[in-house]
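Okay, structure first, notes after.
The values are calculated or read from the model by the stated rules, or taken from the named source; none is laboratory data. Note that this is a predicted model, so its numbers are computed, not measured. Using ideal geometry, Cβ is built from the backbone for each residue, glycine included, and neighbour counts are taken over all protein chains shown. These accessible areas exclude ligands, DNA and RNA; they are computed on the full protein's heavy atoms, side chains included. Shrake-Rupley method; radii C 1.70, N 1.55, O 1.52, S 1.80 Å.
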Amino acid sequence: MHIRIEGLHKRFGSVSALGGIDLDIASGQLLAVLGPSGSGKTTLLRTLAGLDGPDGGRILFDDRDATALAARARRVGLVFQHYALFPHLSVFDNVAFGLRARPRRERPTPAELHRRVDALLAQMQIGALRDRLPDQLSGGQRQRVALARALAIEPSVLLLDEPFGALDAKVRSELRRWLRAIHEHTGYTTVLVTHDQDEALELADRVVLLRAGRIEQEGTPETVYAEPASAFAFDFLGRSGHLSGQVRGGAFHPDGSAFALAADGIGDGPARLFVRPHDLALTAPGEGLDTVVRSVRAAGGRHVLRLDLPQQARALELDLTAATGTSCPAAGARASVRPLRYRVYAGDDRLD
């Protein structure tokens, strides 16, 4: 299913939830819609599903105008964060529900229904749970049931709304890999809404970053992470730190520091430099930015240093691994650091 969205608008009272979205989703693509709370990502998903009607614009499914179609007519598979399973129905009956609810002429025979549901349960690796009720399942098992139920109706498109948000980190990581494998097996056009950057960057073929109801950036996960189009995108996608300062004559001068860094192509005026923790390195005194180590903590094979700089509102984080061969300074020590890779953005607008 190829999806095209043209000039989509949606308001709730005086609030513009979607402010003119234009988006093309290729058939068989897994698209992640990423953004902070209130950015419009769930509204976009609900509008695609037919649960909310837009105030303007069009939604086309394979060049068929689906804007006014009811949710049932769109045949979308929906998976929610909190599963939305029927508590009184077994795993088998939850998965079979959508098939049994079809009009009689479209309903499979009992034998075909059992064959299809059992095949799905096996594919989801929950065949042994077919007779259990939802409250007898773990969170990860419930989410597998919810996905099996969505796939049972052979949807035109699969829509996932924060599907792993209620799960712990280990289960979430396992289910991400599993969902990617399921996507590659089924080939469904899939739209995943999430606020989890790691989830989006690991799972998706393409990422759309929303901000205040508009598209801030879109592209492959590699592109949006390595080449953020704005200060907001850099700050939102992955861990980052920034320095405020001024650009003068093609160089960025951080507030409170005499150390300058190249800022080619950026006009003179207020600006901010953004850098990721793994792109900062300790240097000899006088060869970088002078900082004071606020704290040091161990984190999965690395040390994370929080660094205070004069006249900077936010501390910088630096990741130090044993592989660098550099000794770790203690809290309270002075340290000089240099960005190895960074980006400078003109202006000092709000990041939220």
Exercise. Looking at Arg314, Arg350, which one is part of a loop (DSSP other than H, G, I, E, B) and touching a Gly at 6+ places or on another chain (Cβ under 7 Å)?
Worked result: Arg314
Problem set entry | Filter pass, Ala146 being in a helix (DSSP H, G or I), of a type in the set (Gly, Ala, Ser), closer than 24 Å to Gln29 by Cα and touching a residue at least 60 places away in the same chain (Cβ under 8 Å) | yes
Problem set entry | Conditions (1) in contact (Cβ under 8 Å) with a residue 12 or more places away in the chain; (2) charged (D, E, K, R); (3) open to solvent by 60 Å² or more (accessible area, probe 1.4 Å); number of the one not met by Arg74 | (3)
Exercise. Residues of the range 3-54 being open to solvent by 50 Å² or more (accessible area, probe 1.4 Å), part of a loop (DSSP other than H, G, I, E, B) and either over 22 Å from Glu199 (Cα atoms) or of a type in the set (Lys, Arg) (or both), which ones?
Worked result: Gly13, Ser14, Leu51
Problem set entry | Residues located in the range 130-145, provided they are out of contact with any strand residue (DSSP E or B) (no Cβ under 8 Å at 6 or more places or on another chain) and open to solvent by less than 20 Å² (accessible area, probe 1.4 Å) | Pro134, Leu137, Gly140, Val145
Problem set entry | Selection status of Leu99, of a type in the set (A, V, I, L, M, F, W, C), within 17 Å of Arg75 (Cβ to Cβ), at pLDDT 90 or above and crowded, with 17+ Cβ neighbours inside 10 Å | yes
For this session: Count, please, the residues in the range 6-34 that happen to be touching a strand residue (DSSP E or B) at 6+ places or on another chain (Cβ under 7 Å) and on the phi > 0 side of the Ramachandran plot.
Result: 2
